[in-house]
1. Which members of segment 1-34 meet the condition of being open to solvent by 50 Å² or more (accessible area, probe 1.4 Å) and in a helix (DSSP H, G or I)?
2. Could you say which residue among Ala2, Ala51 is at pLDDT 95 or above and at negative phi?
3. What are the residues in segment 89-100 that are over 11 Å from Glu59 (Cα atoms) and either modelled with pLDDT under 95 or open to solvent by 10 Å² or more (accessible area, probe 1.4 Å) (or both), if any?
4. Report, by residue number, each residue of segment 217-244 that is part of a helix (DSSP H, G or I) and exposed (fewer than 14 other Cβ atoms within 10 Å of the Cβ).
5. In segment 359-418, what residues are polar (S, T, N, Q) and modelled with pLDDT of 95 or more?
6. Within segment 151-170, track down each residue that is open to solvent by 20 Å² or more (accessible area, probe 1.4 Å) and either assigned to a helix (DSSP H, G or I) or among the small types (Gly, Ala, Ser) (or both).
7. Within the bounds of segment 35-45, is there any residue that is assigned to a loop (DSSP other than H, G, I, E, B), in contact (Cβ under 8 Å) with a residue 60 or more places away in the chain, open to solvent by less than 10 Å² (accessible area, probe 1.4 Å) and within 30 Å of Tyr245 (Cα to Cα)?
Amino acid sequence: MAKISPLAGKRLPASDLPDIPAVIAAYYERKPNPSIPTQRVSFGTSGHRGAPLNTSFNENHILAICEGIARYRKAQGIDGPLFMGIDTHAVSAPAQRTAIEVLAAHGIAVHIAHDDGYTPTPVISHAILTYNRGRKSGLADGIVVTPSHNPPTDGGFKYNPPHGGPADSDITKAIQDMANGFLANGLKEVKRLTFERAINEPCITRHDFVTPYVEDLGSVIDMAAIRDAGVKIGIDPLGGAAVRYWQPIIARYGLNATVVSEEVDPQFGFMTADWDGQIRMDCSSPYAMARLIEMGKTFDVAFANDTDADRHGIVAQPDGLMNPNHYLAVAISYLYRNRPQWSADTGIGKTLVSSGLIDRVAAELGRKLVEVPVGFKWFVPGLLDGSLGFGGEESAGASFLRRDGTVWTTDKDGIILGLLAAEITAKTGKNPSAHYHDIAKRLGTAYYARIDAAATPEQKARLANLSPEQYPGDTLAGETITAKLTKAPGNNASIGGLKVTTKDGWFAARPSGTEDVYKIYAESFKSPEHLKEIQNEAQDVISKVLSAGS
């Protein structure tokens, strides 16, 4: 198990905070070597991420990626506006400047925040879908410059096509391959203007992202119920892109809410360190969320978002910070009982590493459960056509339909998940934590954990390509195995690993996309001891499978 740092849950001394000028200098000065794998463009489940100081997120990467996006758009006939948002990471603004230099050179109509401010991921998705509604041509797409909750020294770059959600692997591979080709060719094929010229091109326009999103929130959340009940709400944007959204929301809907901090600091020095002593704006971590957890008892419900506001962390008594899986189960149980305009056929989407408690809630509701591989992109088609009312990930990311059963966003929206916690409290008189304990009494208590284990690149590749037959035996922690899965039951897509299930437990093993480790997710409906048995047995068997033939 991971060792908890003595700095976890504490603010770091100034001497331990990152040197932001050095990070920004590295963004411009360091040039990636495309022959080194870690310095190439690599799109994971959430775009290209890296660190300027590691030469894995630098100006040349963004030049190459944007040339790829410009060419992809042209090839696909995407000729509407491109909505671009950034978060508060130090290199997000420089990366946006670089992107504008390339996109303006191609004459692409780019909409950026009217106040040169920050724009959350869900707001970009909402803007794309709102613009494209009813259109067959001239469709919009978008870019969000963010590494999510990663440390302040990191950068990230995501592309959302006209469906508004994360680009699928076919799109990202096409852009990635083009970008790496441009890097290998010394960027000779990249079109670029100076920033001073680009920002004054007529194709680059300022856009009010805040007002349309805020005005539309009543279509997805019962804001009047929250106001009328006077729910006392605490909100912590964690210094992220939602920081300038909450006051307009509070004012527009008359909420009894307090934004506990509006501080923006590229060092994120106000954050308490995560489990390993590093700063991460992870709203599902009790260490990173120490400030709001401490304040949580003064509110009926409190919540936070990560840096691009696509994730949520819910603080409610008696639990304090809720386990993300527990809140997903509560949100699903509430929504499908309190959205009468949703179709009776609307299903529930979950990733295969999310809690089995969601399966039990779905069965209790009599709703179809659609279990997909890791990655929010798998929920996009269902949210678009309304066949899924909710899509959620164990890592505290989710979105759901408008109250009338039509699409809201096709990317994760931590803002509405926080407001939903307030709606639940307003409409039922009980906060989400109390609802979770009611569900646990009816359906069982879930004991859930994730551990990481070392693995070489060769072992990771072997794990990603396992067949069910390679997992020996027919029992797991004393129970008969009911399924060995290498494809997700909801859409038959490869899970890039293995999931093994029994009546009262399961585990899933997947290789990390960024580190030399594999992850074991496990859950028991019996006891913490049974969970430990599952983890130990899973790690032992997987280790033997990975070592075979080495």
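1. Ala14, Ser15, Asp16, Pro21, Ile24, Tyr28, Glu29
2. When all the criteria are applied, what remains is Ala51.
3. Selection gives Ala90, Ala93.
4. Ser219, Ala224, Asp228
5. Those that are polar (S, T, N, Q) and modelled with pLDDT of 95 or more: Ser387, Ser399, Thr406, Thr409, Thr410.
6. Listed by number, the residues that qualify are Ser169, Asp170.
7. Looking through segment 35-45, none of the residues is assigned to a loop (DSSP other than H, G, I, E, B), in contact (Cβ under 8 Å) with a residue 60 or more places away in the chain, open to solvent by less than 10 Å² (accessible area, probe 1.4 Å) and within 30 Å of Tyr245 (Cα to Cα).
Residue-by-condition table, conditions (1) open to solvent by less than 50 Å² (accessible area, probe 1.4 Å); (2) of a type in the set (Asp, Glu); (3) not in a strand (DSSP E or B):
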{"position": "Arg442", "(1), (2), (3)": "no, no, yes"}
{"position": "Val500", "(1), (2), (3)": "yes, no, no"}
{"position": "Ala508", "(1), (2), (3)": "yes, no, no"}
{"position": "Lys519", "(1), (2), (3)": "yes, no, no"}
{"position": "Lys526", "(1), (2), (3)": "no, no, yes"}
{"position": "Glu537", "(1), (2), (3)": "no, yes, yes"}
{"position": "Val545", "(1), (2), (3)": "yes, no, yes"}
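The values are calculated or read from the model by the stated rules, or taken from the named source; none is laboratory data. Treat the numbers as computed from the prediction; the structure is a model and nothing was measured. Cβ: placed from backbone, ideal geometry, glycine included. Neighbour counts: every protein chain shown. Remember, those area values only see protein heavy atoms, side chains included, never the ligands or the DNA or RNA. Shrake-Rupley method; radii C 1.70, N 1.55, O 1.52, S 1.80 Å.
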